[in-house]
Structures are given as structure tokens and as C-alpha cells.
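In what follows, a structure is listed as C-alpha cells, so that the remarks can point back to it.
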Amino acid sequence: MREYIDSLREADLLVEYEDEVDIVFDAPKLAYGTDRPLFFHNLSGGHRGVMNLTASRETLALALRKDTTRMVPELAACRYDGVIIDEGSIQTHSPDLSKVPVMTHFPLDAGPYITAGIVFSSYGGVENAAIHRMLVSGRDQLIARIVEGRHTYQLMKAAHAAGEKLSIGIAIGVHPAVTFASCTRVPQGRELAYAAELLGGEIGVRTLGNGVRVPDAEIVLEGYLTAQNAPEGPFVDITGTYDPIRSQPVIEITGIAAKPDPIYHGILPAGAEHRLLMGAPYEPRIYQSVAGVTKVRDVLLTRGGAGYLHAVVSIEKQTEGDGKNAIMAAFAAHTSLKHVVIVDPDIDIHNPEDVEFAIATRLRGDTDIMVVSGVRGSSLDPSRIADGMNVKVGVDATIPMGREDEFIRAGWDA
């Protein structure tokens, strides 16, 4: 992460704060007001921390070593085949989470939350990595939101069924490529290999005393996901509204390791970095899925759609039904997707006004809108039906084939 921070500084993208900034509300407020990466040199009594590390397409592309205009197609072509290099073990010492500058983000939050901690887990020879929000509930205890059905949940349930706890390592302050890989649905156990691929081909890992492998990080917590549950929440999630209180698993922390003068990474809930990391990893998946039914140009999960619920897909139609096929392919690739708009290549999907123009001039409501009811949506959508079901809407805002001459946009370019 420090090398990436240096690259931000060299590109004049980093905003640095030398004066003291409080971890309760103040640092989150500063992150809320900008997309630029922030470096705090004095967080609540001398700690160091960063926020907004990849809060814009520009900084995400820098982290992933991609061109912003080709990022989605290039990510869609990844093979998850990087090399993982064993660099030995990690020695931990007695944990005290009160010494870690964990932030409290909003007034109604249940308390301080670790928001950029990657949970590496291992059970039965299978590894996983994923970000989970974790409420600090004691000097050596966290309560984690473990979404039902996801891979961490499956490994946890398997361990508990065998009468065991799930061994985990929590890495805070990693290179953003590792964070991105951990947010991506990849083939089982391939998160570290994907991170290695994004980093140029290889990644080093070290093994904790409980057998879990973790990459280079500023802070590493060693512990176990237990069968004990406790109330978790309220917490502001991706839509900027409060997720409800749930009974969630308790994590017991048995050890901590940190670099000298570590740099804590916090992600602002519902902030630009949160939304980009929630949505951008799904864009290559949608790209791959739509490529199976027509010629796809680009995919965007929009900021206005909380970076997660709304997509715009640019296609080059081959047959008249391609727009609707693309709608179905997008929903299949990202099951939490709520609304998707399909547009022609001349529409700039990163320009909301251009997308609205396509809807205004190329859409017929009686033939070009697809409504799919009774399907599972996102648990984070406050308009969801109580059991998690919802309604999805697809909009085919493409030009009818054979009528292209009627839709030529005036301009001076040849």
C-alpha cells in the first residue's frame, strides 16, 4: 500500500493532513466531501490513516495498472492465474483493538467499524478472501456481518458443523489490487491468484499461527469466527441508509501484528470508494455475460445507483433482439442489479445526460421496457420486499435496426 500511496503523491492526487483529525466523525466527514485520496498523519493522538484510496476511476485505474477507457474489457479477460509465493510466517502479539484507530462514521452507528479489513479464511483446504464490515465490541472481539450464502458464510458453517471455529486473518492496509480482488466474484479460492495477476504476476503471502495465509498489510489480526452471535448494527451501507440490526457471528481476536508506524485504511460507508469497490468488480462479469449474447463495448455501474443497483451497458447490436438479451444477461451476471439501461455505442455511458438522451429519444415504453417481478434482489435495497424479493426493470434504449439514419446526431465530426 505504501508504494501505491507514493504513486498517488507523485501524481499529485494525494491530499495530506498534518493537523490532528478525530476518528469519530471528523475523518469520515472529510472523506465524504471529496473523491481524492486522503492521508491523515495525526489521527486521534498520533495514528496514521488513509481514506478514499480508490474513490475515482482514475485512482482505481492507477492501482490496477489499467487505462480507464479499457479497464472493464481488460479485467474481463483476466485468467486468475497469478503466482502465490510463500514468504514464511507471521508472529503476532496480544491484541488490543483500542490501540487501532478504527473510525466511527455516523451518529447512529452502533460503534466503531472496521470497513476495509479483508477477511482471509481457510477450511478443508479451501481459501477465501472478502471484505466484511466488523463492529469493534471489545479489546479482542469483533461482530461481523457475514452475508448468508456467500463463501465466508459457507466455510464458517462447514467449520461450525464439525464443531470447530473458522480460522481467519484480517488484513488492513493492503495494496488496492488485493482489495479489488477480494471484492470480486472469482472461481473458488482464486482471490489471491487474481490479486497476483493484477499486481503483475505474483504476490507474497505469510502464514499466521492458525494456518491462514495473508498478503502484505499494515495491520494483521489473527482470530476465529465463532458460533456465538451478538447484535450487529445499525450501520450505514451502500445506499446511504441504515442497515437494520441483525444477530451476527462474533470474531475472537487472538493476535495482532503491525508494521512500524502503521497506516490504517478506512472506507467511508456509502462513500465514493465504497460504491466503486462494490460495483466495479461486477462490471467485468456483466461484460463477459453480455458478450455471450451480442457485441459489448463497455459496462458501468453508476454512482447514482449507489455503485451497485443501476447499470448502463453499451452494445453494438447484431440482431434486433440483442437489447433484451443483453438485459437478461446483465441480470444473470449480477443478481443484486435492480435496473439496467442498454445503449448504442455513440452514447457515453459515463455521462448521465447522454444516457438520459438515449432513454428520451430511443425508447418506446410499450415495447422496450422489460419488467421482471418476483426475483431476488439486493438485501441492501431499502425498497426490497420483506423476504428479499424485488422487481427488476430493463430498458432497451437502442436504435431500432434499419432506422439508424433517423437517429443521426448533428455534429462536426466526420
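The number of residues in region 157-183 being surrounded by fewer than 24 Cβ atoms within 10 Å (Cβ to Cβ) and in a loop (DSSP other than H, G, I, E, B) comes to 6.
Of the listed requirements (1) open to solvent by less than 20 Å² (accessible area, probe 1.4 Å); (2) among the hydrophobic types (A, V, I, L, M, F, W, C); (3) closer than 27 Å to Tyr113 by Cα, Ala272 misses just one: (1).
Given the residues Thr207, Thr241, Thr254, Thr226, which is the only one that is modelled with pLDDT under 95 and at negative phi? Outline the logic, then answer.
Working: Thr207 fails: modelled with pLDDT under 95; Thr254 fails: modelled with pLDDT under 95; Thr226 fails: modelled with pLDDT under 95.
Answer to the check: Thr241.
Please tell me if Val83 is open to solvent by 10 Å² or more (accessible area, probe 1.4 Å), of a type in the set (A, V, I, L, M) and touching a residue at least 40 places away in the same chain (Cβ under 8 Å). Don't jump to the end; show me each part of the working.
Numbers: open to solvent by 10 Å² or more (accessible area, probe 1.4 Å): yes; of a type in the set (A, V, I, L, M): yes; touching a residue at least 40 places away in the same chain (Cβ under 8 Å): yes.
Judged against the criteria, Val83 is a match.
Are any of the residues in region 138-152 open to solvent by 10 Å² or more (accessible area, probe 1.4 Å) and among the hydroxyl-bearing types (Ser, Thr, Tyr)? No. Only residues that are of a type in the set (Asp, Glu) and in contact with a Gly (Cβ under 6 Å, 6 or more places away or on another chain) were counted across region 366-414, and they come to 1.
Within region 224-246, restricting attention to residues that are touching a Gly at 6+ places or on another chain (Cβ under 8 Å) and among the charged types (D, E, K, R), which residue is farthest from Gly163 (Cα to Cα)? Once the filter is applied, the top-ranked residue is Asp243.
Tell me the strands (runs of 3 or more DSSP E) entirely within region 1-101 that contain at least 1 residues that are under 26 Å from Glu197 (Cα atoms).
Working: elements: 15-17, 38-43, 47-51, 83-89.
Where strands (runs of 3 or more DSSP E) fall fully within region 1-101 and carry at least 1 residues being under 26 Å from Glu197 (Cα atoms), they are 47-51, 83-89.
Contact map, region 91-113: first residue under 17 Å from Leu43 (Cα atoms), second residue among the acidic types (Asp, Glu) and surrounded by 11 or more Cβ atoms within 10 Å (Cβ to Cβ), Cβ cut-off under 7 Å, separation 6 or more or different chains; pairs are Leu97/Asp140.
For residues that are in a helix (DSSP H, G or I) and in contact with a Pro (Cβ under 6 Å, 6 or more places away or on another chain), tally how many sit in region 281-327. Working first, answer last.
First, the residues of region 281-327 that are in a helix (DSSP H, G or I): 281-291, 322-327.
Now restrict to residues that are in contact with a Pro (Cβ under 6 Å, 6 or more places away or on another chain): none.
Counting residues in region 281-327 that are in a helix (DSSP H, G or I) and in contact with a Pro (Cβ under 6 Å, 6 or more places away or on another chain) gives 0.
For region 191-231, filtered to residues that are over 21 Å from Ala116 (Cβ atoms) and charged (D, E, K, R), the residue that is surrounded by the fewest Cβ atoms within 10 Å (Cβ to Cβ) is Glu202.
The values are calculated or read from the model by the stated rules, or taken from the named source; none is laboratory data. Quick caveat: nothing in here was measured; it's all calculated off a predicted structure. Using ideal geometry, Cβ is built from the backbone for each residue, glycine included, and neighbour counts are taken over all protein chains shown. For accessibility, only protein heavy atoms count, side chains too; no ligands or nucleic acids. Shrake-Rupley method; radii C 1.70, N 1.55, O 1.52, S 1.80 Å.
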